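A short worksheet on the structure shown next.
The values are calculated or read from the model by the stated rules, or taken from the named source; none is laboratory data. These numbers were taken from a predicted model, which means no experiment stands behind them. Cβ coordinates were reconstructed from backbone atoms using ideal geometry, including for glycine residues, and neighbour counts include every protein chain displayed. Accessible surface is based on the protein model in full, side chains and every heavy atom, while ligands, DNA and RNA are left aside. Shrake-Rupley method; radii C 1.70, N 1.55, O 1.52, S 1.80 Å.
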Amino acid sequence: MVEGVGRVWLAGLLVWAASLMVPPALAAGLGLDRAAFAAALCGDGAAQTSAVETFLRRSAEAEAGDVAWAGTTLRALLDRRLACLGETVVILDRAGAADGLDAATGTARPATGGRSPVLGLRQRALIETASGVATLLTGSSADARKGALATVERRIASVPEPVLRRAAAAEADAGLKASLAAVVESAALSSPDPARRLAAIRAVAEAPSGAAFSRLSALKADPAYGADPAFRTVLDAALARVERSVSLGNALAVLYNGLSFASILFMAAAGLAIIFGLMGVINLAQGEFIMIGAYATYGVQEAIRRIAPAWLDAYLLVAIPVAFLASALVGIAIEALILRHLYRRPLMSLLATWAVSLFLINGVRVAIGSQNLQFAMPSYVSGGVPLYADFVVTWNRLFAIAFAAVTLVLTLVILKRTPLGLDIRAVTQNRDMAACLGIRTRRVDRLAFGFGSGLAGLAGVALCPIYSVNPGMGANFIVDSFMVVVLGGVGTVVGTLVAALGIGGANVLIEPLYGAVAAKVIVLVGIILFLQRRPEGLFAVRRRR
Amino acid sequence: MVEFTRRSFLGTAATLSAPAIIRPAWAADTIKLGCLFSSSGTMANLEGRLNHVVRMAADGINTKGGVNGRRIEVVTSDPASDWPLYAQIGRQMLQQEKVAALFGCWTSVSRKSVLPVVEQNDGLLFYPLHFEGDENSKNIVYVNSPPASSVLPAVDYLMGAEGVGAKRFFMIGSDYVWPRTINKQLKAYWASKGIAETAWREEYVPLGFSNFQTLVNQIRSFAAQPGGQPIVVLTVVGSSIPDFLREFANQGIRATDVPILGLDMVEADLEGLDTAPLVGHLNCWAYLQAAKAEANTRFLSEWAAYVKAKGVPFSADTVIDPMVSAYDSVQLWALAAAKAGSFDVPEVRKAFAGLSFADPSGYTLTMTGENNYVARGVFIGSVNEKQGFDILWQSPDAPKPVPFSPYG
C-alpha cells in the first residue's frame, strides 16, 4: 500500500503544479474571470486548451451564471461567432455580423475587422465537451440537456466526476436523471473502491457497444482480474453479454443494410420491369427518368421555398405526385414521339432510348448545370438513431424502405385490381389475342410506359435524401436495374422484388468479407450462372405463343 | 455560353460514332492551346470547370497583348470521362490542330493514357492535379504537388500533437491507380515510423460507387476497437465523395470522433451537402479558396466576373485547387514561351528552369531545371458550415517537390 500512497502524493503534486500554470485570474477564486477566459479562447491552441480544461475542472463548483456564460461563449466559438479584436472579444448573432455584444461586459460593440479563430480538431473536441457540460448544468430545456449528455458521453474520460454528480443532483427530468446516474456509475471503472468498480462494469454492460467491449476488455489486463475471483466473474459475464449484444446488433445492421439497398434497387427496377415485360422495350433511359423525378423534387422544394417557406419540410411528400406525373409525362411524350414507331424492333428501341438518355442528360446539364443540387434535408430524413448496440437506423434509408413498400403495394393493386392492370396483364401475356378481344393495345402500351416512367420518378424522390442529385445520376442505376429485372424474370413485379432482395442482400453480405469491388463481380457472376440454368429468370410470366 | 454550342451538344450525343469533336480555330496569327477536360460523364462536374478557367487565363493574357506577339486561341474538347478518348483527342490536337501545349486530365488514369501520346509527338501536357508521384516525363509538367509535399504533411499533422495524435488508419479509395499508390506509400511511411500493420485497414470501391452503408458500419467498428485515435484516409473520387460524407454524418460519426482526411475533396464536392454535421473534416491541397492573399482576391473576382460575363454554368463563388492550378499552368506556359521567344516544345521546356510567379494561393510558385515539377505551398483545410474549408494549417514556405517517393 506504500506505493499507492506514493501515487496519491504524486498526483497531488501534479495537480498543485498544474494549478500554478493556470492564469492567476482564473485560479484566484471560484468565480470565472470572464475577460481572461474570453481572451484565452482567442489565443493559440495551447491557450484555448488550458482555459477550457480549467473551466471543465471548476465547473462542478462554479456559479451557474458563470457556467451559462461560458457555455454561450464556447458555443459562439464553435459556430465561428466569436470575433477577436485585440484585447476585446465580441459575440456575434451570426457568423460575419458587423456588430455584437462584448463577451466580458455584455455591452454592444462593433466587430469589424475581428478574427474568428479556426479550431483544430483537438480543441474542437474539448470545446464541444465543455460546451456540452455547460448546457448539461444550466440548459433550460430537458431536450437541450439530453443532447448535451450525448455530446459529453462521447468524451466521458475528459469530464471530471464531480461535474456529472452535480448535473445528476440538479436534474429535474426523471428519465435524464436516471441516465446521468448511469453515466456517473459507469465512469467509475477505475475507481479505487471495488464495489463501485463492479457496479461500473455492470453499468457499462447495460449499454452494449463495440466501444463498451473495448473498455471492458482493457480491464482484463488489470491485476484485480487475476487476483479477485468476484471481479473476474462479473467482468467475464459483462463481456459475454456485450459481445452477444454487439453480434446481434451487427446482424440487425446487415439485415437493415440489405433491405435498404434492396429497396433502392427495387424502386429503380420496378418501372423497367413493367415496360420491358409489356412491350419488350429495353429502356436505357430509365435512369434518366429517375433523374427527372429527382429534379422535379428539387423544383417542388424551390416552389415551396418561395410560396410557403414554413411548409418547406413537407416538400418530399408534396413531390411524390409531382415527380410521378413529371416522369410519366416525359415517358408518354417519348413513347408517342419515338418508341411507337419502333415496336417489334427491340434493337432499334434500345439505341433510341439510349439517345434519349443522352439527350435528357445534356438537356438538364445545359438548362440547369452539372453541379449537385442543394436539398434542404427535413429532420425526418437526416441523421439516425442508435437502436441497439452498434446498430444505427438512418432515417433516409428507412424513408426509402417505407417508400418502396408503399410503391410495391400500390403497383400490385394497380396491376391486379384495376381495369388498366387487367389490360396490361392481358397485353403482356398475348398481345394479338388481347387486340382481338378489343383491347386498344397501343393505348395500353402508352399508359403502361407512362406508369413505368412514373415509378422511376418515384425512385427519384426516394433517392434525393441518399445520393447526390446531378444530371449523370441515372447512369449509376441502369446496370443494377437491368440485373434485377433479368434475374427476377421479365415483367413480374414479385420477381423484381425477390431479385432486388437477393442482389441487395448478397452485396451486403459479401462486401465486408471480400470488399465492394469483389462483391459486384461475385454477384454478377452469380447472376450469369443462374441465367445459364434458367434463362427466363426467377419468375417467368406464362405466355401463350 | 462558349462551351455549349449546338456542335458540342450533338458531339456528346454522338460520342460513339464520332469520338472526337474538336472545335476548330481559324485565325492564322494565333497560337493554339488544347484542353483535355471532360464536360460529360462522372468527372463532368469537376473537370468541366477547368475548360473555362483555361479560357479565362488565355483571355487575360490576350488583353495584355498575347505571347510573342500572337494571340492565344483555346481549343476545347470533351473526352466524356472515357480514359482512352483522352489519348485519342490528345493525339488529334497535337497532330491536326498543332496545339502548342495541352492542358488536361484529372484522374491519374487519364494522364497515364495521354502520356505515350505526348511522348511520341514531343508535346507538352500541363497536369493540374495533385497525384501519386513516381513518374517523371519531360513531356508532362506536374503543376500540382506530389505526395511528399501534400499528403505526407497532412498525415504528419494528424499524427502530431497539434492534430489529433492519430494512431490507426482506415483507408478507403476508389479502385484505380491513384488511391492504390497513395495508400501503398502511406503504409510504407507508417511502417517506417514503427506503426504495426494491425493499425491500418484498406478498402476499395468501384468508381462511381454510392452505397457506403456497410463500409461506414465497418469504420464504426474499427473506431470502437482499442489502440488509439483512428482517422479515415479518403481517396474515393468524383460523386462517391458526397455520398460517402452524407452516409458518414447520418450514422452519427463526428469529425471529433473519427476525422476524415479527404485527399481529393474540394469545395465543389460539398455543394448540395448539409455540412453542419461534417464540420472539422480535413483536406489538403496547394490552394484553398480561403487563402489570404492579394493574388487570391484578384483571382476570385476575376472568376466571378468571367462566370457572369460568359454565362458559365458553374458557381461563381466556388473556386477549387485544380482551377487555380489550371490557371497557373497557362501562366507558366506563357512565361516560358515568352522567355524562350518561341513556341517550340524543346525551347519552351528549356525556359522552365528558374521561372517563378506569385500564384493565387499567396505562395511563389517556382520551377527548377531538374525536372518538370513545381514547388508550391501546402494547405490543410477544415470543413465549415458554409460548404467551404477554413485554413487550419499552412506550410511556412513552398517545399521542394520530390517526384519519386522513398516510401513504397
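What percentage of all Cα-Cα pairs in region B:242-361 are separated by more than 20 Å?
Summing the P(r) tail past 20 Å for region B:242-361 gives 57 percent.
Considering only chain A, what is the antiparallel percent among its DSSP beta bridges, to the nearest 5?
Once the DSSP bridges in chain A are tallied, antiparallel ones form about 100 percent.
How many nm is it between the label spots at residue B:98 and residue A:433, if each spot is 7 Å from the Cα in line with the beta carbon?
In this crude label model, residue B:98 to residue A:433 measures out at 7.2 nm.
Taking the inverse of the average 1/r across all pairs of different Cα atoms in chain B, what Kirkwood radius in Å do you get?
About 21.6 Å for chain B.
Give the Rg/Rh ratio for region A:340-391, taking Rg as the radius of gyration of the Cα atoms and Rh as the Kirkwood radius, to two decimals.
With Rh from the inverse mean 1/r over Cα pairs, Rg/Rh is 1.33.
Explain nothing, just compute: Karplus ³J(HN,Hα) = 6.51 cos²θ - 1.76 cosθ + 1.60, θ = phi - 60°, for every residue of region B:158-170 in order, whole Hz, x for Gly and Pro.
For region B:158-170, the Karplus-derived couplings read 5, 7, x, 5, 5, x, 10, x, 4, 10, 10, 9, 10 Hz, x marking Gly and Pro.
Taking 0.36 nm per residue of separation and subtracting the Cα-Cα distance, what length does fully extending residue A:227 through residue A:165 add?
That works out to 19.2 nm of additional length.
Relative to 2.2 N^0.38 Å, what does the C-alpha radius of gyration of the protein assembly as shown come to as a ratio? Two decimals please.
Normalised Cα radius of gyration, the protein assembly as shown: 1.03.
Count neighbours as other Cβ atoms within 10 Å of each site's Cβ, and list the trypsin sites (Lys or Arg not before Pro) in region A:56-109 that are DSSP loop with at most 12 such neighbours.
Qualifying residues, ordered by number: A:94.
Probe of 1.4 angstrom, ligands and nucleic acids ignored: what's the accessible area per residue over the protein assembly as shown, in square angstrom?
Ligands and nucleic acids excluded, the result is 40 Å² per residue.
Whose amide H sits under 5 Å from the amide H of residue B:175, counting only residues 5 or more places off or on another chain, with H placed in the peptide plane?
When sequence neighbours closer than 5 places are left aside, the close amide H contacts are B:205, B:207.
Can you pick out the pairs among B:193/B:292; B:98/B:350; B:112/B:193 whose Cα atoms lie more than 26 Å from each other?
Going by Cα-Cα distance, B:193/B:292; B:112/B:193 fall outside the 26 Å limit.
Quick one: divide the alpha-carbon radius of gyration of region B:126-202 by 2.2 N^0.38 Å and tell me what you get.
Taking N as the residue count of region B:126-202, the ratio is 1.20.
How large is log10 of I(q)/I(0) for chain A at q = 0.07, 0.12 Å⁻¹ when the intensity is taken from the Debye formula with one equal scatterer per alpha-carbon?
These q points yield log10 I(q)/I(0) values of -0.61, -1.12.
Just give the residues from region A:141-164 buried by at least 40 square angstrom of accessible area in the all-chains context relative to the isolated chain, probe 1.4 Å, and say none if nothing qualifies.
Correct list: A:154, A:155.
Looking at region A:270-359, which trypsin sites (Lys or Arg not before Pro) are DSSP coil and have at most 16 other C-beta atoms within 10 Å of their C-beta?
In loop regions of region A:270-359 (DSSP not H, G, I, E or B), the sparsely surrounded trypsin sites (Lys or Arg not before Pro) are A:344.
Taking θ = phi - 60°, what integer Hz values does the Karplus form 6.51 cos²θ - 1.76 cosθ + 1.60 yield along region A:34-46, in sequence order, with x for Gly and Pro?
Each residue's phi maps through the Karplus curve to give 4, 4, 5, 4, 4, 4, 5, 5, 7, x, 7, x, 5 Hz.
Which whole number in µm²/s is D for region B:98-161 by Stokes-Einstein, with the Kirkwood Rh taken over Cα pairs at 4 °C and 1.567 mPa s?
This corresponds to a translational diffusion coefficient of 101 µm²/s.
Measure nothing fancy, just the Cα-based angle from helix A:121-138's long axis to the longest principal axis of chain A, in degrees from 0 to 90, nearest 10.
80
Do any GluC sites (Glu not before Pro) in region B:209-283 lie in a loop, going by DSSP, with at most 12 other beta-carbon atoms within 10 Å of their beta carbon, and if so which?
Taking region B:209-283 and a limit of 12 other Cβ atoms within 10 Å, no loop GluC sites (Glu not before Pro) are found.
Summarise the partner chain shielding of A:355-367 as one whole number: the mean count of Cβ atoms from other chains within 10 Å of each residue's Cβ.
That works out to 4 on average.
Send over the semi-axes of region B:31-103's equivalent ellipsoid, whole angstrom and largest first, taken as the square roots of 5 times the C-alpha gyration tensor eigenvalues.
They are 23, 15, 6 Å, listed from largest to smallest.
Quick one: of the DSSP bridges fully inside chain B, what percent are antiparallel, nearest 5?
Approximately 30 percent, going by the DSSP bridge assignments.
I'd like the mean, over residues of B:221-230, of how many other protein chain beta carbons sit within 10 Å of each residue's own Cβ.
So the per-residue partner count for this stretch is 4.
What is the distance in Å between the Cα centres of region A:267-309 and region B:42-60?
Cα centroid to Cα centroid, the span is 31 Å.
For an R0 of 25 angstrom, estimate the FRET efficiency from the Cβ-Cβ distance between residue A:333 and residue B:309 and round to the nearest 0.05.
So, using R0 = 25 Å, E works out to roughly 0.10.
Under 5 Å between amide hydrogens, which residues at least 5 positions from residue A:393 or on another chain qualify, with H placed 1.01 Å from N in the peptide plane?
HN-HN under 5 Å from residue A:393: A:385, A:387.
With 29 Å as the limit, write out which pairs from B:138/B:386; B:64/B:400; B:138/B:184; A:416/A:520; B:32/B:308 have Cα-Cα distances beyond it, or answer none.
B:138/B:386; B:64/B:400; A:416/A:520
Can you give the helix-only mean residue ellipticity at 222 nm for chain B, where every DSSP H stretch with n ≥ 4 adds -39500 (n - 2.57) and the sum goes over all residues, rounded to the nearest 500 deg cm²/dmol?
-11500 deg cm²/dmol
Where does region A:417-477 land on the Kirkwood hydrodynamic radius, alpha-carbon pairs, in angstrom?
Result for region A:417-477 stands at 13.5 Å.
Can you bin every Cα-Cα distance in region B:160-297 into 10 Å intervals starting at zero and give me the percent of pairs per bin, rounded to whole numbers?
So the P(r) values, bin by bin, are 11, 42, 36, 10, 1.
Under 21 Å Cα to Cα from residue A:177, which lysines show up? Leave out anything in the same chain fewer than 8 places away.
Filter leaves A:146.
Per residue of B:381-390, how many C-beta atoms from partner chains lie within 10 Å of its own C-beta, taken as a mean?
Shielding by partners across B:381-390 averages 2.
Once you put a point 7 Å from the Cα of residue B:364 and another 7 Å from the Cα of residue A:64, both along the Cβ direction, what distance in nm separates them?
In this crude label model, residue B:364 to residue A:64 measures out at 6.2 nm.
Residues with amide H under 5 Å of residue B:73's amide H, sequence separation 5 or more or different chain, H placed in the peptide plane at 1.01 Å from N; which?
So residue B:73 has HN proximity to B:31, B:32, B:33.
Under a crude label model (7 Å from the Cα following the beta-carbon direction), how far is residue A:87 from residue A:532 in nanometres?
For residue A:87 paired with residue A:532, the spin-label model returns 8.4 nm.
Taking every pair of distinct Cα atoms and averaging 1/r, then inverting, what Kirkwood hydrodynamic radius in Å comes out for region A:118-218?
One over the average 1/r among Cα pairs gives 14.1 Å for region A:118-218.
Whole angstrom only: what separates the Cα centroid of region A:25-94 from the Cα centroid of region A:490-520?
Comparing the Cα centres of region A:25-94 and region A:490-520, I get a distance of 53 Å.
In sequence order, what are the phi-derived ³J(HN,Hα) couplings for region A:311-317 according to the Karplus relation 6.51 cos²θ - 1.76 cosθ + 1.60 with θ = phi - 60°, rounded to whole Hz, with x for glycine and proline?
Using θ = phi - 60°, the values come out as 9, 3, 4, 8, 4, 5, 6 Hz.
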